[in-house]
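Undergrad: Pasting a structure below so you can have a look.
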Amino acid sequence: MRGSVIGQSTGEIPALTPEILLMFGIIAVALVLFITEPVPIDVVAIAVMVSLVVLEPWTGVDAATGIGGFASTATVTVLAMFVLSEGIRRSGLINIVGTEIAERYGTSPYKQLLAVLGLSGGSAGFINNTPVVAVMIPMVNTLSRKTGISPSKLLMPVSFAAMLGGMLTLIGTSTNILASDVSGRLIGRPFSMFEFTQLGLIVLVTGVVYLATVGRLLIPERIKMDDELIEGFDMTEYLTEVVVTEESHLVGKTVNQCFAELDLDADIVQLVRHDQVFTEPLARKEVRPGDVLVLRTDRESLLTLIETEGLELAPDADVTEERLQAEEEDVEPEDDQRLVEIVVSPEARILGQTLESLNFRQRYDATVLALRRGGEIIHARMDERGLRAGDTLLIQASEGTVQRFANDREFIVAQELTLPDFRYRRIPVALGIIAAVVGLAALDVLPIVISALGGIVAMVATGCVKPNEVYDSVDWSVIFLLAGLIPLGVAMERTGAAEWLATTVLVFAVGLSPAVVLGLFYLFTALVTNVVSNNASVVLMIPVAIEAALAIGADPFTFVLAVTFGASTAMLTPIGYQTNLMVYGPGGYRFGDFFRVGAPLQLILAVVTTLGLLFFWGV
C-alpha cells in the first residue's frame, strides 16, 4: 500500500500521470455505459477487463490478472450461492411461510406489512434476495386482495427490506462476498461469516421501523385493488368485439394470416363461434362468416379494419374480464383461460428483445394485452418495444400456460400463489445443507468457497436441485460482471488512481474528523450505487477508502465496511438494485416514488450506520 506516501501529502492535489488519466478515461466510459445500458452491464465489464489487458504497459494488468476474476474466490462463491438459493426456492419454504402469513394476517394491513418485511429481510440474509422477492410478489398480491390494500404499499418495502437483509451475513449479497475478497487482497482482512451481523441487524430493524411508520405514509397507492385487471391496465378502450361478414376479406384465412400484411396495431384475442369460445393457440384457426372476434386495438386501427376488411361492430362491443376468462367447453381445467400479470425478471435472457422478435404469442401460447413500465401503461406498438427488467405484461393464457410461466426463470407470475411444484419433503434437507455451509465457514473449518461448493454437491445429491437445474439457477450476468470488474480494482491500485482520488478527497475534507470522513464515504458510495451496479461501486470505492483511511491514520477495515454497507442501500431509483426493478412494474410506481420514500431512509441509515461502525469497530 502507498498510505505512507499519502500521509506526507502537503495538502495539494497531486499531479495526474498518464496512467491515472487513462484509468479515469476507462472508468468514465464504463460508468456512462453502466448508466445508459446500450449493451448489458456484464458485457461492459468484460470490455473493461479486455481494455485493461490490452493496455497493460499503462494499467499494470497482464492477461493472467485480467482473467483472474473468473477464478476469484468471490466469483466462485457467488456462483455457488445462486445454486444453494435455488435449493431453498425449489423446496417451497418461503411459499409455506408466505401462505401462513396470508392466512394469519390477511385481515390486518399493518400486521401483514410487518410480516412481509420480516420475511423478506430475514430470508435475504441467507439466500439470494432475487428469488425471495420473486416469490413474495404474488404473495403480496394475494394479501392485497384479502385486505383491499394496494400492492404498491407493500412491494417497495419488500424490496428495501430484502436489500437491507442482505447485510446480515457474508453470503447475504454478492456485493458482500466481492468486498470481502477485495478487503482480503488489499489489507489482508476478509470478512468472516457473521463479521457485521450485529450492525446489519440494527440497520434492518431501523429500516423496518421506518417503513412501518413514516415510510408507509409516503408510499403512494398507485394500483387500486377495487379495479379489475382490464381497468387497472386501462384496457376498456382497447378491447372490442367485431363480427365477420360474408364479404370480409378475412374469411378463409387463419388467425395468424389475418393481419399479417396490414400495418395495424391489432391482435385477435378470442374467436367466438356460436356458443364456442376459442382462445390460444389461435394461429391456425380458420375464420368463418358470422364469427365474433375479440380484438385488442386502438380506435383508429379499428375503424380501418371495419372499412377495409368487411367487419362490423358486434351489438354489444364492450369486452369484460369475465368474457376473456370464460371457460371453454370440452376442455381440461388447465386449458381454461385467465388474465394474469407476468413480470420480466432482471435475470431474463430476453431483455432487449421485442415481443415480435421473440414471436411471443406462438412461443408461449399467450396474448399480450398491455405492458406496464413503472407508472406508464403502453398499448400502442407493444410488439416493437424492447423488453426491460421489471416490465409487467398483462396476458391472456390458459392455466397450463400460466404454470409454465411460473416455472420459467425469465418471468415472475404476479397473481395467486400458483407457483411451480415444490419439493416440500426436501425442506429439512435444504435447510440442513445451508446450515452446514454457514457453520463450516463460520467456524473456519473450511473456506466459504469450498463450503459453498460442497453445498452444491449436497443439494444435487439429495435431490433438492436437479442436475439440469444447476446451470439455469445461476445468474451468469452477475458472474461475468464480477469477473470483469475485479481487475479494475487491481488496476486502480497499481496505477495510483486510488491513491490520487483518496488524496483529492482529503484535500477537500481538510479539517473534518475521521468520523465525518467515514460517513461521507458511506453516503457517496450509496449515491453512486443508485446509478451504477453495486458491485461496480464496491470495486471502485474500496481502494479509495482504504487509501484515505491510511492517510489520516484511521482503521482501513472500518472504511471498507462503510463502503460495503453503502453499496447495499440503493433506494433512490428503481434502477439502483435488481429487486427495485422487480417491483417497479407490479407496484405501478413512478420513477420519483423511490426517491420520495428512499431519500429519508438513506439519510437515516447514513447516521445509524456511521455511528454503528464507530461503536463496534472504531476509527
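Undergrad: Using the structure shown, decide if Arg104 is among the charged types (D, E, K, R) and either within 18 Å of Met582 (Cβ to Cβ) or surrounded by 19 or more Cβ atoms within 10 Å (Cβ to Cβ) (or both). Don't jump to the end; show me each part of the working.
TA: Details: among the charged types (D, E, K, R): yes; either within 18 Å of Met582 (Cβ to Cβ) or surrounded by 19 or more Cβ atoms within 10 Å (Cβ to Cβ) (or both): no.
In short, no.
Undergrad: Right, something else. Has the stretch 481-504 got any residue that is of a type in the set (Phe, Trp, Tyr), out of contact with any Lys or Arg (no Cβ under 8 Å at 6 or more places or on another chain), under 28 Å from Thr609 (Cβ atoms) and surrounded by 16 or more Cβ atoms within 10 Å (Cβ to Cβ)? If you could, list the steps in order and put the result at the bottom.
TA: Residues of the stretch 481-504 that are of a type in the set (Phe, Trp, Tyr), as a first pass: 500.
Checking which are out of contact with any Lys or Arg (no Cβ under 8 Å at 6 or more places or on another chain) leaves us with 500.
Those still in the list that are under 28 Å from Thr609 (Cβ atoms) too: 500.
So of that shortlist, the ones also surrounded by 16 or more Cβ atoms within 10 Å (Cβ to Cβ) come out as 500.
Scanning the stretch 481-504, I find at least one residue that is of a type in the set (Phe, Trp, Tyr), out of contact with any Lys or Arg (no Cβ under 8 Å at 6 or more places or on another chain), under 28 Å from Thr609 (Cβ atoms) and surrounded by 16 or more Cβ atoms within 10 Å (Cβ to Cβ), so the answer is yes.
Undergrad: Then there's this: Do the conditions hold for Leu371, that is, is it out of contact with any helix residue (DSSP H, G or I) (no Cβ under 9 Å at 6 or more places or on another chain) and either assigned by TED's automatic domain parsing to the domain that holds Phe259 or at pLDDT 85 or above (or both)?
TA: Numbers: out of contact with any helix residue (DSSP H, G or I) (no Cβ under 9 Å at 6 or more places or on another chain): no; either assigned by TED's automatic domain parsing to the domain that holds Phe259 or at pLDDT 85 or above (or both): yes.
For Leu371, the condition - out of contact with any helix residue (DSSP H, G or I) (no Cβ under 9 Å at 6 or more places or on another chain) and either assigned by TED's automatic domain parsing to the domain that holds Phe259 or at pLDDT 85 or above (or both) - is not met.
Undergrad: To continue, here is another question. For the stretch 136-182, which positions are among the β-branched types (Val, Ile, Thr) and surrounded by fewer than 24 Cβ atoms within 10 Å (Cβ to Cβ)? So that I can check it myself, show each step before the final result.
TA: Residues of the stretch 136-182 that are among the β-branched types (Val, Ile, Thr), as a first pass: 137, 140, 142, 147, 149, 158, 169, 171, 173, 175, 177, 182.
Of everything in the stretch 136-182, those that are among the β-branched types (Val, Ile, Thr) and surrounded by fewer than 24 Cβ atoms within 10 Å (Cβ to Cβ) turn out to be Thr142, Thr147, Ile149, Thr169.
Undergrad: Within the stretch 13-27, take every residue that is in a helix (DSSP H, G or I) and touching a residue at least 12 places away in the same chain (Cβ under 8 Å) and give me the one that is surrounded by the fewest Cβ atoms within 10 Å (Cβ to Cβ).
TA: By that ranking, first place goes to Pro18.
Undergrad: Here is a check on your reading of the model: is Gly92 small (Gly, Ala, Ser) and more than 19 Å from Arg426 (Cβ to Cβ)? Working first, answer last.
TA: Values: small (Gly, Ala, Ser): yes; more than 19 Å from Arg426 (Cβ to Cβ): no.
Here the answer is no, as Gly92 does not meet what is asked.
Undergrad: Name the helices (runs of 4 or more DSSP H) wholly inside the stretch 28-84 in which the number of residues that are modelled with pLDDT under 90 and surrounded by fewer than 19 Cβ atoms within 10 Å (Cβ to Cβ) is 1 or more. Don't jump to the end; show me each part of the working.
TA: Details: elements: 41-54, 56-59, 63-66, 68-71.
Filter on the stretch 28-84 gives 41-54, 68-71.
Condition check ((1) closer than 21 Å to Leu394 by Cβ; (2) surrounded by 19 or more Cβ atoms within 10 Å (Cβ to Cβ); (3) touching a helix residue (DSSP H, G or I) at 6+ places or on another chain (Cβ under 8 Å)) across all residues:
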| position | (1), (2), (3) |
| --- | --- |
| Val214 | no, no, yes |
| Leu218 | no, no, yes |
| Val244 | no, yes, no |
| Val251 | no, no, no |
| Glu261 | no, no, no |
| Asp267 | yes, yes, yes |
| Gly290 | no, no, no |
| Leu295 | yes, yes, yes |
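Undergrad: Does the stretch 439-477 hold any residues that are polar (S, T, N, Q), out of contact with any Ser or Thr (no Cβ under 8 Å at 6 or more places or on another chain), buried (at least 16 other Cβ atoms within 10 Å of the Cβ) and closer than 26 Å to Arg425 by Cα, and which are they? Break it down into steps so the answer makes sense when it comes.
TA: Applying the first criterion (polar (S, T, N, Q)) to the stretch 439-477 yields 451, 462, 468, 473, 477.
Imposing the further condition that a residue be out of contact with any Ser or Thr (no Cβ under 8 Å at 6 or more places or on another chain) reduces the set to 451, 462, 468, 477.
Now narrow it down to the ones that are buried (at least 16 other Cβ atoms within 10 Å of the Cβ): 451, 477.
Answer for the stretch 439-477, where residues must be polar (S, T, N, Q), out of contact with any Ser or Thr (no Cβ under 8 Å at 6 or more places or on another chain), buried (at least 16 other Cβ atoms within 10 Å of the Cβ) and closer than 26 Å to Arg425 by Cα: just Ser451.
Undergrad: Further, regarding this structure: Restricting to the stretch 297-315, and then to whatever is more than 17 Å from Val255 (Cβ to Cβ) and among the hydroxyl-bearing types (Ser, Thr, Tyr), can you tell me which residue is farthest from the chain's Cα centre (by Cα)?
TA: Result: Thr308.
Undergrad: If you go through the stretch 169-183 one residue at a time, do you hit one that is assigned by TED's automatic domain parsing to the domain that holds Leu154, over 30 Å from Leu293 (Cβ atoms) and part of a loop (DSSP other than H, G, I, E, B)?
TA: There is at least one residue in the stretch 169-183 that is assigned by TED's automatic domain parsing to the domain that holds Leu154, over 30 Å from Leu293 (Cβ atoms) and part of a loop (DSSP other than H, G, I, E, B).
Undergrad: Answer yes or no as to whether Met541 is touching a strand residue (DSSP E or B) at 6+ places or on another chain (Cβ under 8 Å) and in a helix (DSSP H, G or I). Talk me through it step by step, then tell me what you get.
TA: Values: touching a strand residue (DSSP E or B) at 6+ places or on another chain (Cβ under 8 Å): no; in a helix (DSSP H, G or I): yes.
For Met541, the condition - touching a strand residue (DSSP E or B) at 6+ places or on another chain (Cβ under 8 Å) and in a helix (DSSP H, G or I) - is not met.
Undergrad: State the number of residues belonging to the stretch 273-307 that are within 14 Å of Glu241 (Cα to Cα) and part of a helix (DSSP H, G or I).
TA: 6
Undergrad: If Gly92 satisfies all but one of (1) closer than 30 Å to Pro151 by Cβ; (2) of a type in the set (Gly, Ala, Ser); (3) in contact with a Ser or Thr (Cβ under 9 Å, 6 or more places away or on another chain), what's the number of the condition it fails?
TA: (3)
Undergrad: Is it true that some residue in the stretch 308-327 is surrounded by 15 or more Cβ atoms within 10 Å (Cβ to Cβ), assigned to a strand (DSSP E or B) and either outside the structural domain of Glu261 (by TED's automatic domain parsing) or modelled with pLDDT of 75 or more (or both)?
TA: Yes - at least one qualifying residue is present in the stretch 308-327.
Undergrad: Listed residues Ala461, Ala397, Ala436, Ala406; which is over 30 Å from Leu178 (Cα atoms), among the small types (Gly, Ala, Ser) and free of Cβ contacts under 8 Å to residues at least 24 places away in the same chain?
TA: Among Ala461, Ala397, Ala436, Ala406, only Ala406 is over 30 Å from Leu178 (Cα atoms), among the small types (Gly, Ala, Ser) and free of Cβ contacts under 8 Å to residues at least 24 places away in the same chain.
Condition check ((1) assigned to a helix (DSSP H, G or I); (2) within 18 Å of Gly166 (Cα to Cα); (3) out of contact with any helix residue (DSSP H, G or I) (no Cβ under 6 Å at 6 or more places or on another chain)) across all residues:
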| position | (1), (2), (3) |
| --- | --- |
| Ile546 | yes, no, no |
| Ala549 | yes, no, no |
| Phe557 | yes, no, yes |
| Thr564 | yes, yes, no |
| Leu581 | yes, yes, yes |
| Gly587 | no, no, no |
| Gly592 | yes, no, yes |
| Val597 | yes, no, no |
| Leu613 | yes, yes, no |
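Undergrad: Between Ala212, Ala179, which is closer than 19 Å to Val449 by Cβ and of a type in the set (Gly, Ala, Ser)?
TA: Numbers: Ala212 fails: closer than 19 Å to Val449 by Cβ.
Every option except Ala179 fails the conditions.
Undergrad: Hand me the list of helices (runs of 4 or more DSSP H) wholly inside the stretch 381-464 holding 2 or more residues that are within 21 Å of Gln337 (Cα to Cα) and of a type in the set (Gly, Ala, Ser).
TA: Values: elements: 399-407, 427-442, 448-461.
Answer list for the stretch 381-464: 399-407.
Residue by residue, here is whether (1) on the phi < 0 side of the Ramachandran plot; (2) not polar (S, T, N, Q) holds:
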{"site": "Val490", "(1), (2)": "yes, yes"}
{"site": "Gly496", "(1), (2)": "no, yes"}
{"site": "Phe508", "(1), (2)": "yes, yes"}
{"site": "Asn535", "(1), (2)": "yes, no"}
{"site": "Ala548", "(1), (2)": "yes, yes"}
{"site": "Gly553", "(1), (2)": "no, yes"}
{"site": "Phe557", "(1), (2)": "yes, yes"}
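Undergrad: Please go through the stretch 36-85 and pick out each residue that is of a type in the set (Ser, Thr, Tyr) and within 25 Å of the chain's Cα centre (by Cα).
TA: Of the residues in the stretch 36-85, the ones of a type in the set (Ser, Thr, Tyr) are 36, 51, 59, 65, 72-73, 75, 77, 85.
Scanning the stretch 36-85 gives Thr36, Ser72, Thr73, Thr75, Thr77, Ser85.
Listed here are the residues, each with its yes/no results for (1) touching a Cys at 6+ places or on another chain (Cβ under 9 Å); (2) modelled with pLDDT under 85.
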residue	(1), (2)
Val413	no, no
Ala430	yes, no
Val438	no, no
Tyr471	no, no
Phe508	no, yes
Val517	no, no
Ala526	no, no
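The values are calculated or read from the model by the stated rules, or taken from the named source; none is laboratory data. Please read these numbers as outputs of a predicted model, since none were measured by experiment. Positions of Cβ are backbone-derived with ideal geometry, glycine not excepted, and every protein chain shown enters the neighbour counts.
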